[in-house]
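See below for the structure under consideration.
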Amino acid sequence: MRLPRLTLVIAAHNEEQALPLLQPRLLAVLAQLEAVDGRILYVDDGSTDATWSILSAFVAADARVGALRLSRNFGKEAALTAGLDQVRTGAAMILDADGQDPPELIPQFVAYWQQGYDNVYGTRLARAGESWTKRTTATLFYRVIGRLSRTPIPADTGDFRLLSPRALQALAGMRERHRFLKGLFSWVGFRRIALPYQREARIAGSSKFSLWRLWNFALEGITSFSTVPLRAATYLGLLTAALAFVFAVLVVLKAALYGDRVAGWPTMMTVILFLGGVQLIALGLIGEYLGRLYEESKQRPLYLVDTCIATDMADSFLQPTLGGQADDHGTRTVGRQVS
Ligand code: UDP
Ligand code: MG
């Protein structure tokens, strides 16, 4: 009897310090899992350190491990997409390479999957080892996007989750370039359940996300899942127009009653500067969306695979894909292929 397959998908960017600590924990968990056929797929997201040679050694040492190397750094969302695209059979489980998502919890995720859940997502109870700014900005972000997005996005939820085969298939159909995975996972729907856990501190190395990168990530999230900001510009415009109208009436009345003595330089400047500001903000907002539309219209692949190595997984992965279309898996080959 063939057991259902579970592939752990792990994106790694310059994780040479964390990976050797993570791998034994993963293997220990796989040994515990009796009801599933566990595999590990690493995605090297354009690392410049020893990450790839470490991953190659993992693959050589264990037939259940595969590794994919992207042609450059495409960012975590694209790297995870590359990994998930390779999972053709069974479920997938996403983890961070830095041990912040404890692998020891995987059996609990699997138990929910066996109960029929499609999307088992870890929600963070605590965030150990993260700075005050990171925690507050994260909370703020989840509140804002929670209000703006029409697809409810659970708060304090990262990418740590298990996706059933049909959830994966649905996800594979969404090829938008600006990917906000947390939102896409929620958009898919199906049977969902939260699994609360304590988020641990990074086991080694340092975070790859600076405050600026997080800000851009937040913008990505909001613009991919909400058009409320565009509408906000309209309302802001209406409001200023209404105020301007009232002001105009006052000015005319004042001139009629008291005559016009060429005063009002400060008011004039205030109005001009204020309106100029409002117009620029509105233009900028439109620009944000227009820019994304432009990116989407180019229809570029989401990632490029450089090398793919795996010994025992020919049926599920091994074909480097261009990542362009969901349905062209394996029809075009880029780079070297080792099996
Ligand atoms: N990561 C990646 N590509 C990137 C940046 C990060 O694949 O361009 C991976 C990284 O190796 C880690 C995960 O994404 O496995 C989360 O990154 P990190 O721990 O730096 O983020 P944080 O936990 O601080 O938000
Ligand atoms: Mg981390």
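Observations on the structure shown:
- Listed residue (33, 145, 297) projecting farthest to the positive dipole end of the chain, Cβ model: 145
- Whole-number Å³ per residue for the convex hull built on Cα positions in the chain: 159
- Each Cα pair under 8 Å and six or more residues apart adds its separation to the average, and for the chain the resulting relative contact order is 21 percent.
- Global geometry of the range 110-266, whether rounded, prolate or oblate, following the gyration tensor of its Cα atoms and the 1.5 cut on a/c: prolate
- Sequence of 225, 274, 141 once ranked by neighbouring C-beta atoms within 10 Å, starting from the fewest: 274, 141, 225
- Averaged over residues, the count of other Cβ atoms within 10 Å places the peptides 65-75, 8-18, 201-211, 255-265 in the sequence 8-18, 65-75, 201-211, 255-265, highest first.
- Oblate is the label for the range 1-45, because a/c, from the alpha-carbon gyration tensor with a ≥ b ≥ c as root eigenvalues, is 1.5 or above and a/b does not exceed b/c.
- Given charges at beta-carbon only (K, R positive; D, E negative), |dipole| of the range 1-124 in Debye: 340
- For the range 79-139, a simple Cβ point-charge model (Lys and Arg +1, Asp and Glu -1, everything else neutral) yields a dipole of about 200 debye relative to the Cα centre.
- Take the Cβ atoms of residue 300 and residue 265, set R0 to 41 Å, and the FRET efficiency comes out at 0.20.
- Selected from 116, 186, 103, residue furthest toward positive end of dipole (the chain; charges at beta carbon): 186
- Whether the range 71-197 is rounded, prolate or oblate, judged on the alpha carbon gyration tensor where a/c under 1.5 counts as rounded: rounded
- Residues 182, 254, ranked from the fewest to the most other C-beta atoms within 10 Å, line up as 254, 182.
- Positive-end residue of 86, 59, 74, charge dipole of the range 56-143 with Cβ unit charges: 74
- In the chain, helices alone account for a calculated mean residue ellipticity at 222 nm of -15000 deg cm²/dmol, with every DSSP H run of four or more residues adding -39,500 (n - 2.57).
- Simple Cβ-charge dipole of the chain, Lys/Arg +1 and Asp/Glu -1, about Cα centre, in debye nearest 20: 940
- Residue 33-residue 174 FRET efficiency (beta carbon distance; Förster radius 30 Å; 0.05 resolution): 0.55
A short reminder: the numbers here are calculations on the coordinates, not readings from a lab. Not measured: the values here are computed from a predicted model. We place every Cβ from the backbone using ideal geometry, glycine too, and count neighbours over all the protein chains shown.
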